[in-house]
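Here is the structure we will look at.
Read-outs throughout are calculated quantities, based only on the coordinates presented, and are distinct from any laboratory measurement. Computed from a predicted model, the values in this text were never measured in an experiment. All Cβ positions, even for glycine, are placed from backbone atoms using ideal geometry, and neighbour counts span all protein chains on display.
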Amino acid sequence: MSKPKLAIVIPCYNEEESLPNTLKKLWEYKIHLIEKEKISPESFIFLIDDGSEDNTWNIIEKAYNDSNGRIKAIKFTKNFGNQNAIFAGLKMIKKYNIDAAITIDADLQQDENKIEEFIEKYEAGFDIVAGVRKNNEEYGFFKKLSSELFYKLINALGVNIKPNHSEFRLVSKKVLDMLDLYRENNLFLRGLFYELGLKTAYVDYSIKERAFGKSKFSFKSLIKLAASGLISYSTRPLRIIFFLGLLIAITSFVIWTVTIFVEIVLNHDINAIEPYEIWESFISGIQILSIGIIGEYVGQILLEVKDRPRFLIDKELK
Ligand code: UDP
Ligand code: MG
């Protein structure tokens, strides 16, 4: 049986420090897999320069020139973000008739030696093989806590995604074909792949510390990703607002009825004004919060309706 043609897809944003080492390691590993007859010799590495401002593209061009066509790349016109970069990579490799693609980060924090296990699962019939982070020590306290909270929250909102799985993932050609059917602008890949309903296997790996450079995710971009994951895959916050409104309406009706009964019928002054004021400021807080939540959904609808391109390609190395 012929061996699968694999594309290793790597999003890169200002990765000049990491890339030389990463490319060397992955290149060697690719050759190792070819020699072991695990993948086809036509397998290649595909890099997406997500609008880097540093030397990343020069490094990519040089690697491309030395690779005899086994390193390919695109360069975005500007930074479109990690999710769009991965998505673009998966779209662009389709024309090379690959059998499967693996996405991995440019800093090689994920254990590339696990790729062989991913391929074995693929050969066993799984269309998606997702890496699951087994250790968290390399993450700071805050990142650990926020990641845990995020997975708890998103699962509580009915989105059933496996905790601690990352963008270290193998997908089959079938998955790439299905991706074409998804037109959404607001990408949250961990949710999207789960949506497909295909046979998924999980492979545990230990995350390493970032060896070169700094994380390219700012606090702001992490919050944005978490929010877009929640908004894209759950409308439950809107329903919670509805029931909260109902609950508050019923409660105020009860308070109102009791007050009238006690003050007018029993003629007993219970001085309800002060508790009422506290109650009212609480309600206005809830109202503003609710409007905010609805606003997030409306904003998302606006972006989806505009249907702007998810990425723009400035250069391509085929
Ligand atoms: N990345 C990207 N665009 C961005 C931010 C990050 O393509 O706007 C890439 C980055 O180069 C890396 C991967 O996404 O290959 C994961 O980023 P990073 O390692 O900085 O994230 P962390 O591991 O800290 O969560
Ligand atoms: Mg990283």
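Quick notes
- Ranked list, fewest to most other Cβ atoms within 10 Å of each Cβ, for 1, 178: 1, 178
- Three-way shape label, region 155-242, alpha-carbon gyration tensor, a/c 1.5: oblate
- Its alpha carbons give the chain an Rg and a Dmax of 25.1, 93 Å.
- Antiparallel bridge percentage (DSSP; both residues within the chain; nearest 5): 35
- Derived scalar couplings ³J(HN,Hα) [region 292-305; Karplus, 6.51 cos²θ - 1.76 cosθ + 1.60; whole Hz; x for Gly, Pro]: x, 5, 4, x, 4, 5, 4, x, 5, 4, 4, 5, 5, 5
- A quarter of the convex hull surface defined by the alpha-carbon atoms of region 182-318 gives 16.0 nm² as the mean projection.
- Above-threshold pairs, the threshold being 20 Å between Cα atoms, out of 25/91; 91/162; 38/173; 121/208: 25/91; 91/162; 121/208
- With only the Cα atoms considered, region 49-204 has a convex hull volume of 143 Å³ per residue.
- Between region 125-171 and region 61-94, the Cα center-to-center distance that results, in Å: 25
- Efficiency of FRET from Cβ geometry, residue 32 and residue 215, R₀ 41 Å, rounded to 0.05: 0.90
- Net charge contributed by nearby residues that have their C-beta within less than 14 Å of residue 156 (K/R +1, D/E -1): +2
- Calculated FRET efficiency, residue 269 to residue 247, Cβ-Cβ distance, R0 = 30 Å: about 0.60 to the nearest 0.05.
- Close amide H partners of residue 9, meaning residues 5 or more places away or on another chain with modelled amide H under 5 Å apart, are 46, 102, 103, 104.
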